[in-house]
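Novice: Following this message is one structure expressed as structure tokens.
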Amino acid sequence: MAQWDRLRQLPAVYRQQLHELYDRDALPMDVRHYLSVWIEKQEWQRAARDHDFAVVLLQVLLENLDIQHSRFVQEESFLLQHNIRRYKQNFQRYLEEPCALASTILWFLEKEKEILQSADLAEQVQFLQVEQEAMETSSQQDLERKMAGLRNEVQCMEHTMICLEEQQDEFDFKYQTHKMEAVVDEALKKNQVKNLQLLVNRLNDCRKSTLLDLNKLLDRTEDLIDILVKKELVEWQRRQQKACIGAPDDVCLDQLEKWFTCVAVCLFQVREFLSKLEELIGKVSYDNDPVKSQKPALQKRADNLLRDLLKSSFVVETQPSMPQGKGPLVLRTNVQFSVKTRLLVKFPELNHSMKVSVSMERYRRFNVLGTKTKALNMAESQSGGMVADFRHLTLKEQKSGGGSKGASDIPLTVTEELHVIFFDTVFELKGLSVQLQASSLPVVIISNSSQQQSAWASVLWFNMLSQDTKDVMFFANSPAATWPQFGEMLSWQFLSATKRGLNDDQLEMIAHRLFGKHLNYDTCKVAWSKFCKENTPDTFWAWFDGILVMVKTYLEDLWRDGLIMGFVSKGKEKSLLKKKQRGTFLLRFSESVIGGITFSWVDTTATGEPDVKTVQPFTKVDLTQIPFHEIIRNFQILEAENIPENPLLYLYPNTPKDEAFGKYYSDRSGGKSTKCFCRYFLLVTYVILNTLEAKSPMSSDMVQGEGLESLNDLCGEAAGESWLSLLSHPAKNPFQTNRSPFITELCGEDAVWIVEVMRQLPNC
């Protein structure tokens, strides 16, 4: 199939590239279309070198245009007649330079082949079902097309500048020859002057056309810079904000770097074109020379566009973070942190030549210490980008002076104060010098690890709600978060920590805890004070973060495999279990004990009614000593005739316990010591707590220090401690004392058995 026919059948995205290629008069698309068969059969490469052969092809081209014109006359196609006649007149200017026309046509044919190759490659990729690492959105595809159009425009301008210089050299040669020749014949002299005037007029038209094309090229560049700076870069910065607080967003800069570099390279080429024009008018100029009048404005516009692009291209690629921190953007005084900057215009000749320096706001009270100056280099980036990676910076609080908190006197807590770190450098290349500055997202600076939790809450809140990355007074009047924003942020915390986020049911339980019962929570809002300031120290965030830390530390595998229902209220828990067979259980987080997890199961009463039972929540004190899956494996209660039995049979909704948890068991039979310890601990805990529940209106989801009157009578000051901590220390074990009467009074006929079990416990 002919090349032109293949091009016409390409998908729309490649046909658009074809339209952009022929968006000029060097080779009109009409001529390419109507003479396609003839054009593709000619040896344009030979003609570009062979003047005589090029003359022959030019004459045949003009004859073919005459034939087409005659055809359109017969068809009464008035517009096409006009166009063909105009195209023929334009081609006649190549009569003295036929090789230039051959080079032009050859260039267009090569560009067509590149488009076809791109389309063929895409088709092969699709055929082989090769999955791309990142699927391009339609807007990215559109931007890629525009970038390709810009590159084509610059290449065409290169060709135009060559033709302009050749045209000027031709005029200059003939003009200098005319001056040196002493022509006596007035008619001949007049004819030579006339020809020179024609050449000047042609040169003037070509200069005007070149300046017009340069203006169009800068228009296209300005549009692309607007897209890159005001859309693509802003969207990346927002993705980076969300990624800092756990969102699974892509923050790779390689594609942005490719686009920024492409536009910067094109603008530097425009500056070279303008320098070439300056050189040309230094050799040949005349009255009303358009280059003299228009070039300064073009130069200023090109330089301003390049400066704007460069200033936006210096960014913080990796935000400040401590190695052992809870997340980025929380820094502690006198503790090292790292941060990485990147220049998105990549010029290898600038490798190691641009120095980046670090500083804080002048009115803040911290100094940056460590290696505060580094060179942008291509060795510290996996993709070969221009980066400065600061790995050993620290902050030191000023002893005196600089104590002001800024322009506002609004009181803020330490963990609500926001600070910005600045990075400065100078871009110098090809006579252009531009001061560049990048700034970090606001950081929270603490002096004690006890402030870490509250500081991270501030980071979460700011980056969830604010896109003004320099608003250091954000918490002076913090906005509320909508439930969709807030719920998504909470899910990100689990997703980033455990690779499993929160599902709709879990989020609904949290919403119910915050707002009460609603059919739809989308219009509900959470205030900053409700998130992190009310009920201090037991704020909502302290409760949620306590669960997150517990899951990450002790229960990550169980959570990631979906075995923990987690966020489910006691009411919902009972309604779910009562519909299930006896022995069905589920795992949920405590609503009242920070960092606590418990389990409930359904049993049946003597009358056959479902009865949901719950154990006291387990905390890190318990889970540090016994893995939670071993607790579930070995849990037992006393049934008829004091026979221990594990009531946990099916993980909700109906998965056999050993099938759900078997892969976590340390061994199939269970170690004697672990099994014995778990059994006695859990058995006695359950018996005591359920006996107390029968004697006192105490919640099964117990809060330490609440509803423990009977337990206090039994255990004295030790009642507030974890049962596991108590029972594993003989000196504290209440059953190793002479308090048997209290146990008998409390537990009835089971007392003797329990006392004997607990006396043996330390020797298990």
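The values are calculated or read from the model by the stated rules, or taken from the named source; none is laboratory data. Please read all numbers here as calculations on a predicted model, not as lab measurements. Note that we place each Cβ from the backbone using ideal geometry, even for glycine, and neighbour counts take in every protein chain shown. When the accessible area is computed, the model is the full protein with side chains, heavy atoms only, and any ligands, DNA or RNA have been set aside. Shrake-Rupley method; radii C 1.70, N 1.55, O 1.52, S 1.80 Å.
Novice: Out of everything in region 326-377 that is outside any loop (DSSP other than H, G, I, E, B) and of a type in the set (V, I, T), what residue ends up being nearest to I445 (Cα to Cα)?
Specialist: If we take residues in region 326-377 being outside any loop (DSSP other than H, G, I, E, B) and of a type in the set (V, I, T), then V330 is nearest to I445 (Cα to Cα).
Novice: Restricting the search to region 278-326, which residues are crowded, with 19+ Cβ neighbours inside 10 Å and among the acidic types (D, E)?
Specialist: Within region 278-326, just E317 meets the criteria.
Novice: Between a first residue in region 2-26 that is under 14 Å from Q141 (Cα atoms) and a second residue that is open to solvent by less than 50 Å² (accessible area, probe 1.4 Å) and of a type in the set (V, I, T), which pairs have beta carbons less than 7 Å apart while being 6 or more apart in sequence or on different chains?
Specialist: Taking only residues 6 or more apart or on different chains, the pairs are Y14/I115; Q17/I115.
The rows are residues; the columns are (1) out of contact with any helix residue (DSSP H, G or I) (no Cβ under 7 Å at 6 or more places or on another chain); (2) over 30 Å from S491 (Cα atoms); (3) assigned to a loop (DSSP other than H, G, I, E, B).
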| position | (1), (2), (3) |
| --- | --- |
| Q192 | no, yes, no |
| Q197 | yes, yes, no |
| K216 | yes, yes, no |
| D226 | yes, yes, no |
| Q237 | yes, no, no |
| Q241 | no, no, no |
| Q255 | yes, no, no |
| K258 | yes, yes, no |
| T261 | yes, yes, no |
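Novice: Then there is this: Of everything in region 252-275, what is buried (at least 18 other Cβ atoms within 10 Å of the Cβ) and without any contact (Cβ under 8 Å) to a residue 60 or more places away in the chain? Give them in sequence order.
Specialist: L267
Novice: Inspect all residues belonging to region 396-412 and state whether any of them is modelled with pLDDT of 90 or more, out of contact with any Asp or Glu (no Cβ under 8 Å at 6 or more places or on another chain) and of a type outside the set (F, W, Y).
Specialist: The answer is yes, given that some residue of region 396-412 is modelled with pLDDT of 90 or more, out of contact with any Asp or Glu (no Cβ under 8 Å at 6 or more places or on another chain) and of a type outside the set (F, W, Y).
Novice: Does F427 meet the test of being in a strand (DSSP E or B) and among the aromatic types (F, W, Y)?
Specialist: In short, yes.
Novice: Something else about it: Can you report the number of residues in region 292-307 which are within 12 Å of S433 (Cα to Cα) and not basic (K, R)?
Specialist: The number of residues fulfilling the criteria is 3.
Listed here are the residues, each with its yes/no results for (1) modelled with pLDDT of 95 or more; (2) aliphatic (A, V, I, L, M); (3) touching a His at 6+ places or on another chain (Cβ under 8 Å); (4) assigned to a helix (DSSP H, G or I).
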| site | (1), (2), (3), (4) |
| --- | --- |
| V434 | yes, yes, no, no |
| F462 | yes, no, no, yes |
| V472 | no, yes, yes, no |
| A476 | no, yes, no, yes |
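Every residue, every condition in (1) under 40 Å from the mean Cα position of the chain (by Cα); (2) modelled with pLDDT of 55 or more; (3) closer than 23 Å to L586 by Cβ; (4) not assigned by the TED database to the domain that holds V602, yes or no:
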site	(1), (2), (3), (4)
L623	yes, yes, yes, no
I632	no, yes, yes, no
Y650	no, yes, yes, no
K672	no, no, no, yes
F677	no, no, no, yes
P697	no, no, no, yes
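Novice: While we're on this one: Which of (1) outside any loop (DSSP other than H, G, I, E, B); (2) open to solvent by 30 Å² or more (accessible area, probe 1.4 Å) is the odd one out, the single condition W492 does not satisfy?
Specialist: Only one criterion in (1) outside any loop (DSSP other than H, G, I, E, B); (2) open to solvent by 30 Å² or more (accessible area, probe 1.4 Å) is unmet by W492, namely (2).
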